[in-house]
Structure formats: structure tokens, C-alpha cells
1. Considering every Cα-Cα pair within the stretch 150-285, what fraction, in whole percent, is farther apart than 21 Å?
2. Output wanted: per-residue J couplings in Hz (rounded whole) for the stretch 14-19, from phi through Karplus 6.51 cos²θ - 1.76 cosθ + 1.60, θ = phi - 60°, x for Gly and Pro.
3. Can you work out D for the stretch 1-107 in µm² s⁻¹ from Stokes-Einstein, where Rh is the Kirkwood radius over C-alpha pairs, the temperature is 10 °C and the viscosity is 1.306 mPa s?
4. Return the sequence-ordered ³J(HN,Hα) values of the stretch 303-312 in whole Hz as given by the Karplus equation 6.51 cos²θ - 1.76 cosθ + 1.60 applied to θ = phi - 60°, using x for Gly and Pro.
5. If contacts are Cα pairs under 8 angstrom and at least 6 residues apart, what is the relative contact order of the chain in percent?
6. Which far-off residues, 5 or more places away or on another chain, put their amide H under 5 Å from the one on THR124, with H placed in the peptide plane?
7. Connecting C-alpha atoms closer than 10 Å in a GNM of the chain, tell me which of SER232, SER72, SER201 has the biggest fluctuation.
8. Under the rule a/c < 1.5 gives rounded, and otherwise a/b versus b/c splits prolate from oblate, where does the stretch 274-326 land using the Cα gyration tensor?
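The values are calculated or read from the model by the stated rules, or taken from the named source; none is laboratory data. As the structure is a prediction and not an experimental result, all values here were calculated from the model. Every residue, glycine among them, receives a Cβ derived from its backbone with ideal geometry; neighbour counts consider all protein chains shown. Just the protein is used for accessible areas: all its heavy atoms, side chains included, with ligands, DNA and RNA removed. Shrake-Rupley method; radii C 1.70, N 1.55, O 1.52, S 1.80 Å.
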Amino acid sequence: MSNLVLGIDAGNTKTIALIADLSGQVLGWGRAGRSNIYVQSARALAALETAVTRARERAGLGDAPLEALTLSAAGADWPEDFTVLEAELRRWNWATRAEVVNDAVGALRAGSLRGTGVTVVCGTSAGIAARHPDGAVWHTSYWQEPEGATELAEHALRAVYRADLGIDPPTGLTAPVLTYFGSPNVEALLHSLTRRNRRASRPLGRLARVLLDQAGAGDPASLRIVQKHGASLGDYALAAARKVGLEGDYLLTTSGGVMRHKSPVLREALLARVRQDHPQVRWQASPHEPVFGALLLALERAGVTADKTVFRRLEETCPDEALFLT
């Protein structure tokens, strides 16, 4: 299997594995549950195995090792995390050459042809990575303060509670938040989310969509929350740029479900903060899923130059977007 590579995106929501040949043609893919070793280590490793097994089966492959693989993993944060994951890769023997990177680094590689600049990922959680053209790389990991959908949802709930108490003015968040949880009033909502022996009725993180909808519609409370969050992400994007020596004209990419929301408020606040310090920064939404970056890194590890032809072939042969929906 010396002409095949494997890219894996191990995330907080799902795990995706792609197998491609050295021309960039995708031959197999697999999906499994979340695989962050900080959450449930045994289940995380099992999800990794499941996703790769399904990708190999779809590609019609046996057990022989592939040429190279890159595992882009949420939970690859501290040196001991890399040690754990690298040991598992050696045990599984999926490829003769293997590497582990933080999932923000994989997302960064997916964001542009050159794979340099800064990327801000905001989905279930958030992460930021930067890469200088000279090869210096840094990711926020546990430095990261502003998080993703769950944190935004918590801010939205707090705004609803404060408005109901009369501490803050009424907010357009109240009605859609009550509808989302099926609660008749704010007190019933607070009770349902905080009582003993409670069970989650709806995923909290999905409430971030309601918040972003209301921000886009001009609700003052929602705008304050989202704009503050975007500016805070911008602070950390600038910190990442400083860590690798980026300044002036570089590419800022964004990805993740929160960033893909139709409302531009969060993205605009992020970009405005970055351009206060680096006015020449260019922005684009990442055109590819994060696993794309893992696959590109695996190709490069196998000695392939990721040029426009390789990018195009990956795009043309990548599975349908249904594989990536959460």
C-alpha cells in the first residue's frame, strides 16, 4: 500500500477518515462518533478504529500498512497526549509513517493552498492555529479562552434570565429560547436546566444557532454577546500570529459550524479585531472540511507536493457533504 495515505479528523462531535492515492483521489471514507481522549479515552480510541476500518473496507483494502497517515485530533494538546496517540498508531500499524497534530493544525492546512496563516475554528468548541511560511506552527489548545457553541448558548441563557428579572432590557432571545426547550416561561426553563436528577431535553450547543439568528436580526443583547465573542476570538488569533511571527499580509481562515452560520456578525467582529492590529490581513471561509487538511498533511508526509492539481482531485473525489453533517 505504498501509494496510499490516510487522513483522520478526530473531533469533539465526530470522527472522519479518508483514504487517497498519491494523486489525491479519494478511495475510501468512514465515519464514527467523537474521539477526544479527554472525554472518554476508551470510546475515543474505539471511534478512531471504527472510522478507519470503515474507510479501509470502502476502499477494498486489507490490513497492509499504508504509506503515511496524519491524525488531526481534538485532545492532542500536551506532550503526553501526543505520546498516547502515537503509541496507539504504532500498535494499530495503519501506516509506515504516521504523525499526530492538533485538530486546529489540520483545519489550518485545509484552509488554503499554501497552508500558512491563521485559522479560527468555532464549532462545538473552538481552536486556533497559526503557521509561518518558514514552518513555525502554534495552536491555542488550553490557552484558548473563548469557546464554541456551548459557551455561546450559556451566554444566551444568561441574557434571557437577566431580562426576565428586569436587570437587563427585554431581549428577542426569550421567545425562541423558550420554544427551543419547550418551556412555558423563563422560570420553568431555569428549573428544567438546574433541578436535581435533570435530563437534557435538547442539545445545549444548538441554541447557539438561535443566538446567531437573533444577532443577525439586530437584537441588542444577542449582538453584544456575539460581537464580544468575535472580538475575543480575534484577540487569540492575533496571539497565535505573534507566536509564529506573522504580521502584515497573511491569510485568516475560518471554519466550524458556528462560523458557517448565515449571520456574518461573529465573523465581522473577529475580522475587525484582527485588522485593528494587522490591517492587511485577508479573510476567507475555509473551502474544505478539516479532514481535508489531515489528508493533505499525510500526502506531504509521503513526499507529495500539494499543488492545485492535487487540491482539485481531492475536491472532485471527496464524498458527499452528508458525511460531514452534525
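1. 47 percent
2. Per-residue couplings from phi come out as 8, 10, 10, 10, 10, 10 Hz.
3. Diffusion coefficient, whole number: 119 µm²/s.
4. For the stretch 303-312, the Karplus-derived couplings read x, 8, 8, 7, 9, 4, 5, 5, 4, 5 Hz, x marking Gly and Pro.
5. In percent, rounded to a whole number, it is 23.
6. ALA149, GLY257
7. Residue with maximal mean-square fluctuation among SER232, SER72, SER201: SER201.
8. Details: a/c = 2.42, a/b = 1.45, b/c = 1.67.
Judged from the Cα gyration tensor, the stretch 274-326 comes out oblate (a/c at least 1.5, b/c at or above a/b).
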